[in-house]
């Protein structure tokens, strides 16, 4: 019986010692970690900081004019603001409601809208300005003066009194 | 008696003098009448022969220019799905103060080359913004091609001017 008790006591003692050693090791590691934490000051917590810039554009266009036969008139188109996404460019095209003719009822008077001497035609929307982006800082590249003219030989054939009119639509597109 | 011939001579002389004076007076009166200029009138008498002083060469025509109009837009609009209430910023730039009102129309482009109107504003004065709009109907999630059509109006007579169409990508998510 004594031998059994001794054996049991020994096994118990060894178990306690092992347990104590494990606990000590754990505590020591935790203490070391705590020491590391307190010494290094590292943190895994992240905070997102951001600022949003709203995109947009502003363009200045000739609102309209009353023409004099055989006299050329200026029509200005200008980009005054262009805050665009990186890599994008702004372009402007023009389209005439009446295919570049001044209309009064069933009568019309053809006129010309030209850029650098080349008349626009309505088969497709004609480019007025292109390649405008924020990097250009809206220099003279963002400003163009078109010319509008109606010939006296055309206006002399007008059938009716009153206003002959047309409307120009400028289309703004931002793309790659 | 010798006085009779003298009297006659004197009478004749007086008559001649009177006639002469009368003629001179009539001429003076005539000149004054021709020279008379009624208020607002001219010296030219209608029906008489003479050049009208108000006649001049044909005036050359002058081109009448409207002042430029400034229009603002954007290329992309993100909106939530399945709701017709949209946050946005539509505005008439302050540069148009005293000159132009404008209206805004949001058009959804359709496959047939036409468009469907999602929203139309009333007149917006210069410096004013619209920050929320109600669409004609909600949109399902996805990407759509649209146009923001901006029409300025002259404040002086409410006539329309040249206008601007801004191409937009509608992102519904």
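The values are calculated or read from the model by the stated rules, or taken from the named source; none is laboratory data. A quick note: this is a predicted structure, and the numbers were derived from the prediction, not measured. Cβ atoms come from the backbone with ideal geometry, glycine included; neighbour counts cover every protein chain shown.
Of note:
- One residue stands out in segment A:47-69 among those that are in a loop (DSSP other than H, G, I, E, B) and at the interface with another protein chain (Cβ under 9 Å from one of its Cβ atoms): the one that is farthest from residue A:150 (Cα to Cα), namely A:54.
- Entirely in segment B:101-173, the strands (runs of 3 or more DSSP E) that have 1 or more residues that are crowded, with 19+ Cβ neighbours inside 10 Å and either more than 10 Å from chain A (Cβ to nearest Cβ) or more than 23 Å from the chain's Cα centre (by Cα) (or both): B:115-120, B:142-154, B:163-172
- Pairing each residue of segment B:109-128 that is on the phi > 0 side of the Ramachandran plot with any residue that is in a loop (DSSP other than H, G, I, E, B) and surrounded by 11 or more Cβ atoms within 10 Å (Cβ to Cβ), provided the two are 6+ apart or on different chains, yields C-beta distances under 7 Å for B:127/B:92; B:127/B:97.
- Looking across segment B:63-92, the residues that are closer than 16 Å to residue B:124 by Cβ and either in a loop (DSSP other than H, G, I, E, B) or facing chain A (nearest Cβ under 10 Å) (or both) come down to B:69, B:70, B:71, B:72, B:73, B:74, B:89, B:91, B:92.
- The residues listed here are A:93, A:127; of these, the one that is more than 10 Å from chain B (Cβ to nearest Cβ), in a strand (DSSP E or B) and more than 26 Å from residue B:64 (Cβ to Cβ) is A:127.
- Taking segment B:59-85 as the range and being more than 19 Å from residue B:131 (Cβ to Cβ), in contact (Cβ under 8 Å) with a residue 60 or more places away in the chain and surrounded by fewer than 14 Cβ atoms within 10 Å (Cβ to Cβ) as the test, only B:81 passes.
- When A:172, A:148, A:144, A:154 are screened for being at pLDDT below 95 and either surrounded by 14 or more Cβ atoms within 10 Å (Cβ to Cβ) or under 21 Å from residue B:163 (Cβ atoms) (or both), only A:144 passes.
- Flag if residue A:116 is away from every other protein chain (no Cβ under 14 Å), surrounded by fewer than 17 Cβ atoms within 10 Å (Cβ to Cβ) and without any contact (Cβ under 8 Å) to a residue 24 or more places away in the chain: yes
- Verdict on residue B:21 being assigned to a helix (DSSP H, G or I) and at pLDDT below 85: no
Every residue, every condition in (1) within 25 Å of residue B:95 (Cβ to Cβ); (2) modelled with pLDDT of 90 or more; (3) touching a helix residue (DSSP H, G or I) at 6+ places or on another chain (Cβ under 6 Å), yes or no:
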residue: A:11; (1), (2), (3): no, no, no
residue: A:21; (1), (2), (3): no, no, no
residue: A:26; (1), (2), (3): no, no, no
residue: A:55; (1), (2), (3): yes, no, no
residue: A:69; (1), (2), (3): no, yes, yes
residue: A:84; (1), (2), (3): yes, yes, yes
residue: A:92; (1), (2), (3): yes, yes, no
residue: A:111; (1), (2), (3): no, yes, no
